[in-house]
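Every number in this text was worked out from the coordinates using simple rules, so none of it is lab data. Predicted model only: the values in this text are computed from it and were never measured. For neighbour counting, all protein chains shown are included, and Cβ atoms are generated from backbone atoms with ideal geometry for every residue, glycine included.
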Amino acid sequence: MPKMKSHRGASKRFRVKKSGIIKRSSAYKNHMLNKKAQKRKRRLRKGSVLSKPDAKRLRFIIANKK
């Protein structure tokens, strides 16, 4: 049986830290930035962490990522 391939879309969007936590970037920061407040845009710059149930499901999908 051939090797399982990692989901390429997911592997580009998520990063696994050494501790096993999965990080992702914030949404709503790509376009129409002139109507968003500076404070809001600063907050969106920081990434966030996936919740534990979501991380458990996603770990299998991006497991083959190097």
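What translational diffusion coefficient, to the nearest whole µm²/s, does the chain have by Stokes-Einstein, given a Kirkwood radius computed over alpha-carbon pairs, a temperature of 4 °C and 1.567 mPa s viscosity?
D, rounded to a whole number, is 95 µm²/s.
Going down the table (LYS12/LYS35; LYS12/LYS39; LYS17/LYS56; LYS5/LYS56; LYS17/LYS39; LYS18/LYS41), which pairs top 23 Å between alpha carbons?
Result: LYS12/LYS35; LYS12/LYS39; LYS17/LYS39; LYS18/LYS41 exceed 23 Å.
Please report, in debye to the nearest 20, how large the charge dipole of the chain is about its Cα centre when each Lys and Arg carries +1 at its beta carbon and each Asp and Glu carries -1 there.
320 debye
Estimate the FRET efficiency between PHE60 and SER25 by the formula 1/(1 + (r/R0)^6), using the beta-carbon distance for r and 25 Å for R0, to the nearest 0.05.
Efficiency, rounded to the nearest 0.05: 0.75.
Put +1 on the Cβ of every Lys and Arg and -1 on every Asp and Glu Cβ in the chain; which of PRO2, SER26, LEU50 then has its Cα farthest towards the positive end of the dipole?
Looking along the dipole axis, the top candidate is SER26.
Ordered by residue, what ³J(HN,Hα) values in Hz, to whole numbers, does segment 12-17 give under the Karplus form 6.51 cos²θ - 1.76 cosθ + 1.60, where θ = phi - 60° and Gly and Pro are x?
Values per residue, Gly and Pro as x: 7, 8, 10, 10, 9, 7 Hz.
Apply 1/(1 + (r/R0)^6) to the Cβ-Cβ distance of ASN34 and ALA10, taking R0 = 35 Å, and write down the FRET efficiency to the nearest 0.05.
0.65
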